[in-house]
Amino acid sequence: MSRNVSASMRKGAPVFAALGDVTRLRLLTKLSSGGPLSIAQLTDGEDVTRQAITKHLAVLADAGLVRDSWRGRERLWELELAPLDEARICLDLVSRRWDERLARLKALVEDDPTP
């Protein structure tokens, strides 16, 4: 595996791990619909507590997917797109490798003279 592919996989791994939870995916969906949101706004419509949402946001922040800022006494959360772009690059690499392998397999099967 080349260094670029390996580096891409290392960058993508925390993102994929963070995205492996339906609550965190819903939080990212909410954050992608506009500007920064508070914990109260992010908790609205969820079946989990504010404390649980805060823990999920910490996981997303550790993966670089969200960042927080303070506006007065209110903590606001925003989506960070760069890690998602890195994950997309990682998936594109995997997809290209599968396409190459399938093309080689197809060529082998089509070139096989046995009936």
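Could you check, for region 61-79, whether at least one of its residues is polar (S, T, N, Q) and either closer than 18 Å to Gly12 by Cα or touching a Gly at 6+ places or on another chain (Cβ under 8 Å) (or both)? No, region 61-79 contains no residue that is polar (S, T, N, Q) and either closer than 18 Å to Gly12 by Cα or touching a Gly at 6+ places or on another chain (Cβ under 8 Å) (or both).
Scanning region 27-50 for residues that are free of Cβ contacts under 8 Å to residues at least 24 places away in the same chain and either under 21 Å from the mean Cα position of the chain (by Cα) or surrounded by 10 or more Cβ atoms within 10 Å (Cβ to Cβ) (or both) yields Thr29, Lys30, Ser33, Gly34, Ala40, Gln41, Thr43, Asp44, Glu46, Thr49, Arg50.
In region 1-83, counting only helices (runs of 4 or more DSSP H) that sit wholly within it, the ones holding 3 or more residues that are over 27 Å from Arg96 (Cβ atoms) and either modelled with pLDDT of 90 or more or in contact with a strand residue (DSSP E or B) (Cβ under 8 Å, 6 or more places away or on another chain) (or both) span 22-32, 39-43, 50-62.
The values are calculated or read from the model by the stated rules, or taken from the named source; none is laboratory data. What you see is a predicted model; the values in this text were computed from it and never measured. Every residue, glycine as well, gets a Cβ built from its backbone with ideal geometry; the counts of neighbours run over all protein chains shown.
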